[in-house]
1. Please report the accessible area of TYR270 (heavy atoms, 1.4 Å probe, ligands and nucleic acids excluded) in Å², nearest 10.
2. Provide the per-residue ³J(HN,Hα) series for segment 156-162, in order, calculated from phi with Karplus coefficients 6.51, -1.76, 1.60 and θ = phi - 60°, each as a whole number of Hz, with x at glycine and proline positions.
3. What Kirkwood hydrodynamic radius do you get for segment 75-184 when you take the inverse of the mean 1/r over all pairs of distinct Cα atoms, in Å?
4. May I ask you to derive the FRET efficiency for THR266 and ARG66 from their Cβ-Cβ distance with R0 = 45 Å, giving the value to the nearest 0.05?
5. Given the convex hull over the Cα atoms of segment 30-130, what projected area results after averaging over all orientations, in nm²?
6. So what are the three principal axis dimensions of segment 91-150 from its Cα atoms, in whole Å, longest to shortest?
7. What nm distance separates the two modelled labels at ALA142 and GLU373, each placed 7 Å from Cα along Cα→Cβ?
8. What ranking of GLU103, GLU54 comes out by heavy-atom accessible area, probe 1.4 Å, highest first?
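The values are calculated or read from the model by the stated rules, or taken from the named source; none is laboratory data. Just so it is clear, the structure is predicted and the values come from calculations on it, not from any experiment. Counting neighbours? That spans all protein chains shown, and the Cβs are built from the backbone with ideal geometry, glycine included. SASA here: full protein model, heavy atoms, side chains in, ligands and nucleic acids out. Shrake-Rupley method; radii C 1.70, N 1.55, O 1.52, S 1.80 Å.
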Amino acid sequence: MNSGGARAEAAEEPSDAPGAGLPGGPARSRRARRHGRLRPGDRVAVIAPSGPAEPARLEAGCAALRDLGLDPVVAKHALDRVNLGHSGPLRDEWHQLAGGDAERAADLQAAWCDPGVRAVVCARGGYGATRLLDLLDWDALAAATEAAAASGRGPKILHGSSDVTALHAAFGTRLGVTTSFGPMPAGLIADLAPAVSEGMPDESLDGLRAALFGGPVALPGTHALRPGRAEGPLTGGTLSLLTTLLGTPYAPPPAAGGVVFLEDVTEAPYRVDRMLVQLLQAGWFDGAAGIALGSWRDCGDPAELDSVFAARLGPLGVPVLAGVPAGHGPRQRTLELGAPAVLDTTAVLDAAAPVLDSGPDPAVPYLGALTLEAPPGGAR
């Protein structure tokens with residue numbers, strides 16, 4: 001197994017051997033084009049590629065988007081409900097999707113190909129995004145991407161998290177664009193609606209605004225599992241989805257040269273360990289420059305998780321920063337996957353900065369940060 005990676009500086013000298021790609025998998029051949037920043041009045045399409053959205057929560061989330069100055073339009077099938085098998089009458093006690101696979105894929109395709117839409121925002125996660133990947137017309141999506149890029153504002157935004165990791169990976173690889181990993185309208189954004197309407201400060205809200213409209217993005221960590229500094233394009237997402245995509249035509253490129261972000265929810269430590277082992281054995285981490293660990297809500301004892309991360313990721317010889325406020329849970333900052341990132345486990349951030357949280361004790365500085373380069377464009 002190769003360890004270390006491009007432009008990584010750790011406490012122990014890392015290997016500078018190039019990362020090995022997954023057999024038959026896509027290679028990281030070029031830097032992704034940054035998606036354009038939003039402007040007040042921009043239309044955004046709200047789709048539901050996975051689980052069904054609760055109507056009241058979706059409306060609250062859309063109200064929050066309107067208060068941010070955007071024009072959200074809910075897709076045709078976003079409030080549909082079907083069971084996994086799509087046959088027979090709907091059974092409430094069975095797992096549900098937000099409509100049939102073809103309908104959910106059609107909503108995504110139509111939104112991405114609509115020149116009047118500047119962002120495609122996923123209503124919520126759940127399960128089901130992987131089922132859309134074979135149903136999308138990737139040639140049409142690529143043509144729409146080129147048309148949006150030629151408009152002078154850059155490619156449009158795909159925004160969402162959790163199960164949407166499957167779409168992030170596929171869009172990043174096949175369309176060559178950065179994507180936005182963060183809170184969703186029928187999820188945390190719905191909870192933030194009062195704060196938005198009343199102009200109250202909120203860490204997740206400020207992070208979302210900065211990421212979508214333009215501004216610095218800096219996420220503080222809480223502790224370093226392995227010290228050092230690394231830089232490279234940001235990759236990763238929800239661990240279970242990254243693992244699920246291995247061996248498929250939509251697998252994310254190997255992490256060689258990149259800063260890896262990982263998070264998940266309701267996964268026991270042994271399951272986290274198993275998924276890390278699978279990614280390691282597949283060679284996906286080979287050559288990674290550094291690793292940022294987000295939230296692990298309801299994933300067991302944090303101390304046990306830290307021991308798992310140290311045991312599995314420590315031998316890679318790259319810096320590992322834990323406690324980054326992104327993923328599931330009450331603190332959901334927004335990350336631009338594919339964007340240039342710097343991970344520095346020794347950086348002490350200014351707690352007075354507008355997009356940073358001073359923490360439970362402002363006198364105790366955060367150890368380390370994950371920062372993303374802010375591109376020009378957009379309007380606050």
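1. Approximately 150 Å² of TYR270 is accessible to the 1.4 Å probe.
2. Once rounded to whole Hz, the list reads 6, 9, 9, 10, x, 8, 6.
3. Value: 14.5 Å, from the Cα pair sum.
4. Result of the calculation: an efficiency of 0.90.
5. The Cα convex hull of segment 30-130, projected and averaged over all directions, gives 7.5 nm².
6. Result for segment 91-150: principal-axis Cα extents of 47, 21, 14 Å.
7. A separation of 2.5 nm, rounded to one decimal place.
8. GLU54, GLU103
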